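One structure below.
The values are calculated or read from the model by the stated rules, or taken from the named source; none is laboratory data. Quick caveat, the model's predicted, so the values are computed rather than measured. Using ideal geometry, Cβ is built from the backbone for each residue, glycine included, and neighbour counts are taken over all protein chains shown. In case anyone asks, the SASA skips ligands and DNA or RNA and just uses the protein heavy atoms, side chains included. Shrake-Rupley method; radii C 1.70, N 1.55, O 1.52, S 1.80 Å.
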Amino acid sequence: MRAPGASDPLLTALTELGALGSDDDRVTLDTLRGRLAGRRLRVLVAGEAKRGKSTLVNALLGRPVLPVGVTPLTALATTVRYGQDEGATAVYRDGRTEDFPLSALDDLVTERGNSGNRRNVASVTATVDAPVLARGVELVDTPGTGSVYAHNTAEAEAALETMDAAVFVLTADPPVSASERELMARVAELSVTMFVVLNKADYLAGYGTGLGSMAEPAVGGSGGTGAAVVGLAGANGSSELAEALEFTVRIAGEAAGRPVRVWPVSARSALSGWHDPGFTAFAADFTGYLDRGRAADLRLSVAGHAHRMAESLRDEAVLARRAAQMRIGSAADRVEEFAARLAAVAARCQDAADLASAESARLLADLNEAAEQAVRDRAASVERQMEALLMGDLAAATAAEIQSAGRARLGELAVQEAEQWRQEQADRLEQGLAKLDARLTADLQAELSAVRDAAAELLGLTLTVPGPGQRLAPDLRFFYLVAEQAGQTELLAGAIRTRLPGNVGRRRARAYLHREATGLVPQQIGRARADLQYRLAEATRQLVRAIGARYAESTFRLESALRTAATTRVATTEDAARLDHELAARQQTLSRVLALLDDATSAAQLDDQDYSSQD
């Protein structure tokens, strides 16, 4: 606790850091200061599409506010804040803002209302009078981890860089994906509290009994260092829920690098007004965390963001000063050698981009080959199932019943087969891209490690050198169109078939279904393949852009330092002395800022421990 009248070390550090950073740094710092002043914890609600994120947020709000449905949201993060004057504010990419009623959210943030983001909306903030928000939190509903990470935009980066805590919304079917593991690892790296929710748990056998007996304390502390498993008296042995929980806990713990607690819930039931014991337990722990752990985590998060910025700025000042002092002889040669090594890192950016394009071409070739094989195998499978239906349940049906029920079942089977293939291929593409991304990231990390070693060997410096930024997680969502697409001739023929008597009508109806089966499965496989081809190409373009951004982000301050040193070396003795004095003062200020941030972090950690011990 600070003594009365004592200055806040965190605010002092942010102010001093703002005087030393770039314009972009000051924008980030202003955002952090604003949330500190407003005491608002920023909680990112994350997960793949159709996990039930918006439904969970609505359940926390106590009423349906965010749009939900079969159509996924666009690549827009929707921030929900507290306010009695309810409404929504859209910020457009050209800087304009416009106010709307909450009912307009569907037109702003969903694919059905804002297809392809034709409105050019950059972000949307909803103001809602809800008790959970009044506790000093803003919830950020994301359109899926793929959308947060795949689009290398300022908005996406800002959402991560100003995040204090996260709620991951997972389901057992499908299980935790590669992109979700990537996001969990990123959040753990940022040292924020993490809640993991296993939604749609009511679909699993074993849910609904014993949920009131949560055996472990609520998650507390920076990074969610709470216990690993939720105790379920009725979900033991070999139940589906127990199996799903065990798997989710293990994967989440591996991603975070620490034990992670998982809450099984049914957000849909909770929002519908039915008592869902799993959600009740999660909501109680979440609001308890907001009441007792929010303030400490907010300060820890802000201090962490500022600390990373200050270390990077100190690297720049230290390198500029040392390189400027090494003006002649072998010392100057060592500076030039270090500059050459740093330039080599930037030059390898194009090699990394070429590797990404080559791997994408290989994945595309494999996808096309798999599609051709799937058309043969899966069309035959549907034919066999349709023949069994026609010879079984529909053997004695009328022509109209055969055509109606058979066509409906054919559509189901075609989607089922195509979707199974599409999901297999989507998983394969996602794993291939994630593996590629991990390789490129590891390569850059190795190169930056070599830069640190070169700084120590050639210049006698210990530099931080920030690692690569965000990771890629491609968005591979898809929807089917299986309604019968009939022209006028086929409509007339269908009407005739359903009116033909006895065996004649049945034969015609069966022949029609066999013709439909021959074309429908290849059509659905083809649509899925075309969609995946497009998404692979888009993901590759995004990854290539991300590669350039990562290399630039990792080296630009060091390159700036060398430019400053070069200017100093050719300056007059008087000017060189003045520049050295300015760099020394800058270095000293940054060391003081880092000390202040360490003090602020230590104090926040003590507060955090007090909260954890209360539970």
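At 1.4 Å probe size, with no ligands or nucleic acids counted, give the accessible surface of Tyr289 in Å², nearest ten.
Tyr289 has an accessible surface of roughly 0 Å² with all protein chains in place.
To make sure I understand the rule: partners must be lysines, Cα under 24 Å from the Cα of Lys200, and not fewer than 8 residues away in the same chain. Which ones qualify?
Lys200 reaches Lys50, Lys53.
Sequence-distant or interchain residues sharing an amide H contact under 5 Å with Phe168, placed H: which?
It is Ala46, Phe195, Val196, Val197, by chain and number.
Counting only protein heavy atoms and using a 1.4 Å probe, what share of the accessible area of the range 403-452 belongs to carbon plus sulfur, as a whole percent? Mind dumping the intermediate values first?
Numbers: 1000 of 2080 Å².
That share works out to 48 percent.
Rolling a 1.4 Å sphere over the protein heavy atoms, what is the accessible area per residue of the range 265-372, to the nearest Å²?
Details: 4470 Å² over 108 residues.
So the range 265-372 comes to 41 Å² accessible per residue, rounded to a whole number.
Explain nothing, just compute: Karplus ³J(HN,Hα) = 6.51 cos²θ - 1.76 cosθ + 1.60, θ = phi - 60°, for every residue of the range 21-29 in order, whole Hz, x for Gly and Pro.
x, 7, 4, 5, 4, 5, 4, 4, 5
Which of rounded, prolate or oblate describes the range 271-364 when judged by the alpha-carbon gyration tensor and an a/c cut-off of 1.5? All intermediate terms of the calculation are to be shown ahead of the outcome.
Numbers: a/c = 8.26, a/b = 1.77, b/c = 4.67.
Oblate.
Assign one of three labels to the range 11-51, namely rounded, prolate or oblate, based on the Cα gyration tensor with a ≥ b ≥ c the square roots of its eigenvalues; rounded applies when a/c is under 1.5, prolate when it is not and a/b is larger than b/c, and oblate otherwise. Please report the intermediate quantities before stating the final value.
Working: a/c = 4.54, a/b = 2.07, b/c = 2.20.
It is oblate, given that a/c is not under 1.5 and a/b is not larger than b/c.
Using θ = phi - 60° and the Karplus curve 6.51 cos²θ - 1.76 cosθ + 1.60, what whole-Hz ³J(HN,Hα) does each residue of the range 84-98 get, with Gly and Pro shown as x?
Taking θ as phi minus 60°, the curve returns 7, 8, 6, x, 10, 10, 9, 10, 8, 5, 8, x, 5, 10, 8 Hz for the range 84-98.
Full extension from Glu369 to Trp274: what is 0.36 nm times the residue separation minus their Cα-Cα distance, to one decimal in nm?
On the way: separation 95, 0.36 × 95 = 34.20 nm, distance 4.84 nm.
Length gained, Glu369 through Trp274: 29.4 nm.
In Å², what does the accessible area per residue of the range 551-592 work out to with a 1.4 Å probe? Could you put the intermediate results ahead of the total?
On the way: 2350 Å² over 42 residues.
With all protein chains present, the range 551-592 gives 56 Å² per residue.
Leaving ligands, DNA and RNA out of it, report the carbon-plus-sulfur percent of the accessible area of the range 279-334 at a 1.4 Å probe.
On the way: 950 of 1890 Å².
With neighbouring chains kept in place, the figure for the range 279-334 is 50 percent.
In whole Å and largest first, what semi-axes does the C-alpha gyration tensor of the range 354-459 yield when each eigenvalue is scaled by 5 and square-rooted? If you can, show how the numbers build up before the last one.
On the way: eigenvalues 582, 28, 12 Å².
After diagonalising the Cα gyration tensor, the semi-axes are 54, 12, 8 Å.
Return the sequence-ordered ³J(HN,Hα) values of the range 554-571 in whole Hz as given by the Karplus equation 6.51 cos²θ - 1.76 cosθ + 1.60 applied to θ = phi - 60°, using x for Gly and Pro.
My calculation for the range 554-571 gives 6, 10, 5, 5, 5, 5, 4, 5, 5, 5, 4, 5, 4, 4, 5, 5, 9, 7 Hz in order.
Accessible area per residue of the range 10-83 at 1.4 Å probe, in Å²?
On the way: 2760 Å² over 74 residues.
Counting only protein heavy atoms, the per-residue value for the range 10-83 is 37 Å².
Please give the FRET efficiency for Asp23 paired with Glu457, using the beta carbon to beta carbon distance and R0 = 30 Å, rounded to the nearest 0.05.
Working: r = 34 Å, r/R0 = 1.14.
Computed FRET efficiency for Asp23 and Glu457 comes out at 0.30.
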